[in-house]
1. Assess whether residue 253 counts as being assigned by TED's automatic domain parsing to the domain that holds residue 273, closer than 20 Å to residue 275 by Cβ and loosely packed, with under 15 Cβ neighbours inside 10 Å.
2. Exactly one of (1) out of contact with any strand residue (DSSP E or B) (no Cβ under 8 Å at 6 or more places or on another chain); (2) modelled with pLDDT of 95 or more is unmet by residue 117. Its number?
3. Scan the range 201-226 residue by residue and report those that are touching a strand residue (DSSP E or B) at 6+ places or on another chain (Cβ under 9 Å), in a loop (DSSP other than H, G, I, E, B) and within 30 Å of residue 264 (Cα to Cα).
4. When residue 264 is evaluated against the numbered criteria (1) within 19 Å of residue 148 (Cβ to Cβ); (2) part of a helix (DSSP H, G or I), which criterion, by number, is the only one it fails?
5. Could you say whether any residue in the range 91-107 is within 19 Å of residue 23 (Cβ to Cβ) and either in contact with a helix residue (DSSP H, G or I) (Cβ under 6 Å, 6 or more places away or on another chain) or part of a loop (DSSP other than H, G, I, E, B) (or both)?
6. Can you tell me which residue within the range 50-89, out of those that are in contact with a helix residue (DSSP H, G or I) (Cβ under 8 Å, 6 or more places away or on another chain) and more than 19 Å from residue 30 (Cα to Cα), is surrounded by the most Cβ atoms within 10 Å (Cβ to Cβ)?
7. Of the residues that make up the range 308-323, is at least one at pLDDT 90 or above, surrounded by fewer than 12 Cβ atoms within 10 Å (Cβ to Cβ) and under 33 Å from the mean Cα position of the chain (by Cα)?
8. Looking only at the range 91-98, decide whether some residue is buried (at least 20 other Cβ atoms within 10 Å of the Cβ) and within 13 Å of the chain's Cα centre (by Cα).
């Protein structure tokens, strides 16, 4: 037997607006967060050099319940700080002409991978991360400044030097502007800097409807300091006018992916008119199996069992879980009716 040297893998910085790690840790809203959370768990299990960057939301996304009269009511859970380590580091971004210091936490539960979450350090700036996807356009821009610009600055403060930056949806695109602003990969004209940056960026698009992809007027971007000092002509060159976060992501990346085969066809048709865009491939979403697989199913599928015994155990587990689901639905309906 010959000893094999470990494969040197480039470090990836993975930017995402939300991470679905556990139902009790309410910093996610749906599929985007579930995918990001499963990514972080999987790379931890596989010991891959991936650093996650996100935001620590005070309140998670809305949970809608039906009251006894049949009316929907909105509820917001406060985010637990259990399992978070406050780091001795502080970075600063500028939002609407004001310097906003931000602190960072490392997530010490749910995944062994590096995952850092940012939030404004001062109470009067916490409106930015008060509620996941809360507020209007200016709130969203402020959130994306902290995620993208703040995320890059946090990596610098932690002396983490990624070879690849992965923007999981357009929310993270301001990280690309920050990398361009700091001439991370060399100077020259904007076109030259973009070409060099693209070698280090990949982009995932999720939204198959044009109206669901964020666009921002250049005037509001400048008012919120999301322009990072770029001229209107430069911003238009990157993301168009109004500024499309998806167009910018496609132009700043060397490769892009949709999240299913059919979605890939839709995305390529949607964005075929964007000049200078990265080619869009399709990578079907996967899951972190240990998170979603019930322990009884896992036990039934353990190796060493004959096919008949295994089938009986799987069917028994199926019936038990089905009964539990019915009980849960009944209990919730009774509770809400009261």
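1. no
2. Status for residue 117: all satisfied but (1).
3. Scanning the range 201-226 gives 205, 206, 208, 213, 214, 217, 226.
4. (1)
5. no
6. The residue in question is 50.
7. yes
8. Within the range 91-98 (the criterion being buried (at least 20 other Cβ atoms within 10 Å of the Cβ) and within 13 Å of the chain's Cα centre (by Cα)), the answer is no, since none of the residues qualifies.
The values are calculated or read from the model by the stated rules, or taken from the named source; none is laboratory data. This is a predicted model, so every value here is computed, not measured. Methodologically, a virtual Cβ is constructed for each residue, glycine included, from the backbone with ideal geometry; neighbour enumeration extends over all protein chains shown.
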